[in-house]
Amino acid sequence: MTDITYKIENKGSARRRGFLKTLAVSAAISATLLASSVQAATTWKIQSVWDAGTVGYDLFKEWCDGMEEKTGGELKFTCFPAKAVAADNNGLFEAVRNGVLQGMNPFTLYWSGKIPASVFLSSYPAGPDQPHQWDTMFYSLGMLEKTREIYKKFGLFYVGPIQHDANIIHSKKPINSLADLKGLKMRLPGGMVAEVFAKFGVAAVSLPGSDIFPALEKGTIDAADYVGPAVNWDLGFSQVTKYILMGPPGVMSVYQPVDLMDLTVNLRAWNALDPKLQQTVEDEVRIYSQKHYLAIQKRNIEAMEKFKAAGTTVTRLSQEDLQEFRRAAIPVWYRWANKSEDAREIFDMQLKYMMNDTVGYITEEDIKGMK
């Protein structure tokens, strides 16, 4: 072999070794970046108050399952139905506060005993009764910012409201007026709703959604408030009741016409997210709110046809009943507003809105003498 040949071959071998070394370094860098990416991914466990098998839970789970893709793999939501991790509402609240769960999807009204202001963070008897009014108050009139201040005191971050539905009442006998409520044992949420119904002679019973069917079946209660037709059909209420009570035409409910849910998360978990990721979650909650609401409305229409086919009769309160209900509710509004400074601030914001001529629900005469 000549010296020239040797030098050429040796030079070629060196190049190959250099190329292989470069490949090895590149592979090592890629592996490091991949490991870093995997380590940066965050998983949140989130429990809903929806029972498994209901349209509400199916919609929420579908949304949770899509979060990983929407955040480019940075954040994953693992969804659980009611009672899967925390056995009851009190346990759910504490589990999120303590970080056992990173988030929850509750009905906001459930926290009236813990956060008095929460009775004004979802619709209440004879208050604002259109979904857009609540979105306006939260996103245009400062209510979202105030709500977050309140929740921060409990180690929680209120991401945003989730539009759901109006609540309706299923009963074993017809209710054609407010007078027909007297003497009924009715499942109702606590707080303001129960207090207003008590003025019309109703004995309120507090039960989680999963316990309503057996209570109606056994006759423990005569009637039950719960959510709207779609979910209530899934829960089998047509099998244990014959009547559905609604408000005047165009108003499904006079006591909880816009029963808001929300996404609330552990404050430490929220603060650990990058601000851009936080914004993505906030945006996705607003998108989901609309999708959830519209999907439920479509299912409501379908469910009402099923209820009627099963022999259920719809009864309605009159416009006069609604006005009487509001007169009974206004003193209760003020009593709850005066439970805390936070509750009063939220209520004052809403009262000003209801008295604005664009809404016009309340006049100076209606609140004369109220403090």
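The values are calculated or read from the model by the stated rules, or taken from the named source; none is laboratory data. Just so we're clear, the structure is a prediction, and the values are computed from it rather than from any experiment. A quick note on method: Cβ atoms are made from the backbone with ideal geometry, for glycine too, and the neighbour counts reach across all protein chains shown. Quick note on the areas: whole protein, heavy atoms, side chains included, nothing else; ligands and nucleic acids left out. Shrake-Rupley method; radii C 1.70, N 1.55, O 1.52, S 1.80 Å.
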Problem set entry | Förster-model FRET efficiency, 35 Å R0, Asp58 and Val314, C-beta, rounded to 0.05 | 0.85
Problem set entry | Among the listed pairs Lys76/Lys306; Lys172/Lys368; Lys61/Lys352; Lys276/Lys352; Lys291/Lys352; Lys45/Lys218, those beyond 31 Å (Cα-Cα) | Lys76/Lys306; Lys172/Lys368; Lys61/Lys352; Lys276/Lys352; Lys45/Lys218
Exercise. Just for the chain, what percent of DSSP beta bridges are antiparallel, to the closest 5?
Worked result: 50 percent
Exercise. Quick one: of the DSSP bridges fully inside the stretch 144-277, what percent are antiparallel, nearest 5?
Worked result: 75 percent
For this session: Net charge near Pro131: determine it from the other residues with C-beta under 12 Å of the C-beta of Pro131, scoring Lys and Arg +1 and Asp and Glu -1.
Result: -4
Exercise. Expressed as a whole percentage, what fraction of the accessible surface of the chain belongs to carbon and sulfur atoms when a 1.4 Å probe is rolled over the protein heavy atoms?
Worked result: 53 percent
Exercise. Going 7 Å from the Cα of Asp211 toward and past its Cβ, which residues in the stretch 80-110 have a backbone nitrogen under 11 Å from where you end up?
Worked result: 88-89
Exercise. Roughly how many debye, to the nearest 20, is the charge dipole of the stretch 260-371 about its Cα centre, given +1 on each Lys and Arg Cβ, -1 on each Asp and Glu Cβ, and no other charges?
Worked result: 360 debye
Problem set entry | Relative contact order of the chain, pairs being alpha-carbon contacts under 8 Å that are 6 or more residues apart, as % | 21 percent
Problem set entry | Length released on extending from Val251 to Lys153, taking residue separation times 0.36 nm less the Cα-Cα span | 31.7 nm
Seminar exercise, completed: Glu341 and Arg268 label points (each 7 Å along its Cα→Cβ direction) are spaced in nm at 2.7 nm
Seminar exercise, completed: Simple spin-label estimate for Asn98/Thr43, 7 Å along Cα→Cβ, in nm, reads 2.1 nm
For this session: Please work out the Cα center distance from the stretch 184-230 to the stretch 286-331, rounded to the nearest Å.
Result: 16 Å
Exercise. Among the helices of the chain (complete DSSP H runs), which have Cα atoms covering no less than 27 Å along the helix axis and a Kyte-Doolittle mean of at least -0.5?
Worked result: 3-40
For this session: Report the net charge of residues surrounding Val332, where surrounding means a beta-carbon distance below 15 angstrom and charges are Lys +1, Arg +1, Asp -1, Glu -1.
Result: +4
Exercise. If all Cα-Cα distances of the chain are sorted into 10 Å bins from 0 onward, what percent lands in each bin, rounded to whole numbers?
Worked result: 5, 22, 29, 21, 9, 4, 3, 3, 2, 2, 1, 0
For this session: Kindly report the accessible area of the chain per residue (heavy atoms of protein chains, probe 1.4 Å, no ligands, DNA or RNA), in Å².
Result: 47 Å²
Problem set entry | Nearest-0.05 FRET efficiency for Lys276 and Thr220, computed from C-beta distance (R0 35 Å) | 0.10
For this session: Please pull out the direction-averaged projected area of the stretch 45-125, using the convex hull of its alpha-carbon atoms, in nm² to one decimal place.
Result: 6.1 nm²
Problem set entry | Percent of alpha-carbon pairs separated by more than 15 Å within the stretch 101-191 | 67 percent
Exercise. Assuming R0 = 30 Å, what is the FRET efficiency of Asn176 and Gln290, from their Cβ-Cβ distance, to the nearest 0.05?
Worked result: 0.30
For this session: Describe numerically, in nm with one decimal, the distance between label points set 7 Å from Cα along Cα→Cβ at Met355 and at Lys298.
Result: 4.2 nm
